[in-house]
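Worksheet for the structure shown next.
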Amino acid sequence: MADLFAPDPAAGSASADAAPLAERLRPRTLADVIGQEHLTGPEGAIGRMVAAGRLSSLVLWGPPGTGKTTIARLLADAVGLRFAPVSAVFSGVADLKKIFAEAREHARIGTRTLLFVDEIHRFNRAQQDSFLPYVEDGTVVLVGATTENPSFELNAALLSRAQVLILNRLDAAALGKLIARAEEIEERALPLTEGAREALVASADGDGRFLLNQAETLFSIAIDHPLEPGELAALLHRRMAVYDKDREGHYNLISALHKSLRGSDPQAALYYLARMLTAGEEPLYVLRRLVRFASEDIGLADPQALVQCLAAKDAYDFLGSPEGELAIVQACLYLATAPKSNAAYAAQKAAFRSAKDTGSLMPPKNILNAPTKLMKDVGYGKGYAYDHDAEEAFSGDDYWPEEMAPQSFYAPSPRGFEAKIAERIAYWDRLRQERGGK
């Protein structure tokens, strides 16, 4: 099949200056790779493999524009392997069979093949299984690249045969180095003030390729004065945050929001809420998670937490976006600053577990209704103590099955309204003991 990554033969006679900036700045050795020194350095996994001259199958997992394709190509050069790239977007099983056949032919003459699969997560499970025999017998060294969590997107058999290496999102320092290299090769500085330069780096959101494309646009335009941040924003569109609502970014951010709320950090909680909503998350999904949090992590420590969340849901339904999003923010801040307790959540789990273990036990007959004569004759409802007729409206009766000792599922925290609930429970327990209950 055609090599989708190979340079265009027709472009071979063109000036190197005509190549895109990102291509002209492509690293020539692993040491030139920016931002992934934890892998490519002497103590990194890739650095050690190269030093040993032996390369195992790998999955390179990282955000877009962090150098996955470049690292794969340089790895093949560093250990003397033939580089065979393929994109999962454009290829199928027939293409893979052809590549494997070519790899076997090269193996017969002593040349091993590094098969680089871009966006390997886009292959289905059956296609992923097709790699296994060729990886196991050494026909190819597989290097896959993915922006998605391999735990979710790759099958277990393939993961067991490949080492997963995590590439970092490029930080401001790494992106600054890329700009410096671009300015060096262009032999001029970007027409930006220091503030605009920082804004350009921030707009890349860790994607080096995007940053270089934006820099190339700036170099190509006649600009007669250094641009301020506002002027830069008007000239260049801002990169949208990487966020797939059904993939790992979605689960990472909702987890971060939940943990920030649990940790009573309203500032961090508001940040992650904003990250989700500005990236296009469905507001009603966020509201559902806030409602769940109100019950799981606050509960009766502040019963108003659940009321606030449901009111926010009603307000959003009534107002829509963007006005209704302020109600979501209000609920988020209320949850973050409320007293925390998971006592109701723990009680639910303990009670459900006990119910499963003892689900067939009969309640005591005295607390059962007797709508028929037969039920009255066998003792249903006999001796029931009506609490409202007792002193302090409390009979102290025994409500547990005869075969079961009383259990304690709910243990209120000493925080918020639950401190008052704990006092009530202690009061009822004392009266129960005084009146001879269990």
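Annotations for the structure displayed:
- Verdict on LEU335 being under 44 Å from the mean Cα position of the chain (by Cα) and either on the phi < 0 side of the Ramachandran plot or in contact (Cβ under 8 Å) with a residue 12 or more places away in the chain (or both): yes
- Filter result for ALA172 (among the aliphatic types (A, V, I, L, M), in contact with a helix residue (DSSP H, G or I) (Cβ under 7 Å, 6 or more places away or on another chain) and open to solvent by less than 40 Å² (accessible area, probe 1.4 Å)): no
- Lone qualifier among TYR251, TYR316 - being more than 26 Å from PRO412 (Cα to Cα), open to solvent by 60 Å² or more (accessible area, probe 1.4 Å), in a helix (DSSP H, G or I) and at pLDDT below 95: TYR251
Residues are listed down the side, and each one gets a yes or a no for (1) more than 30 Å from SER220 (Cβ to Cβ); (2) touching a strand residue (DSSP E or B) at 6+ places or on another chain (Cβ under 6 Å); (3) buried (at least 16 other Cβ atoms within 10 Å of the Cβ); (4) of a type in the set (S, T, N, Q):
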| residue | (1), (2), (3), (4) |
| --- | --- |
| ALA22 | no, no, yes, no |
| THR29 | no, no, no, yes |
| ILE34 | no, no, yes, no |
| HIS38 | yes, no, no, no |
| GLY44 | yes, no, yes, no |
| MET49 | yes, no, yes, no |
| ARG54 | yes, no, no, no |
| LEU60 | yes, yes, yes, no |
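- Which numbered condition ALA101 misses (of (1) among the hydrophobic types (A, V, I, L, M, F, W, C); (2) open to solvent by less than 50 Å² (accessible area, probe 1.4 Å); (3) part of a helix (DSSP H, G or I)): (2)
- Residue match in the range 156-163 (condition: out of contact with any strand residue (DSSP E or B) (no Cβ under 9 Å at 6 or more places or on another chain), under 22 Å from LEU39 (Cα atoms) and open to solvent by 10 Å² or more (accessible area, probe 1.4 Å)): yes
- Residues within the range 348-373 that are farther than 16 Å from PHE409 by Cβ and of a type in the set (Lys, Arg), tallied: 2
The values are calculated or read from the model by the stated rules, or taken from the named source; none is laboratory data. This one's a predicted model, so the numbers in the text were calculated from it and none came from an experiment. Note that we place each Cβ from the backbone using ideal geometry, even for glycine, and neighbour counts take in every protein chain shown. Please note that ligands, DNA and RNA were not included when accessible areas were found on the heavy atoms of the full protein model with its side chains. Shrake-Rupley method; radii C 1.70, N 1.55, O 1.52, S 1.80 Å.
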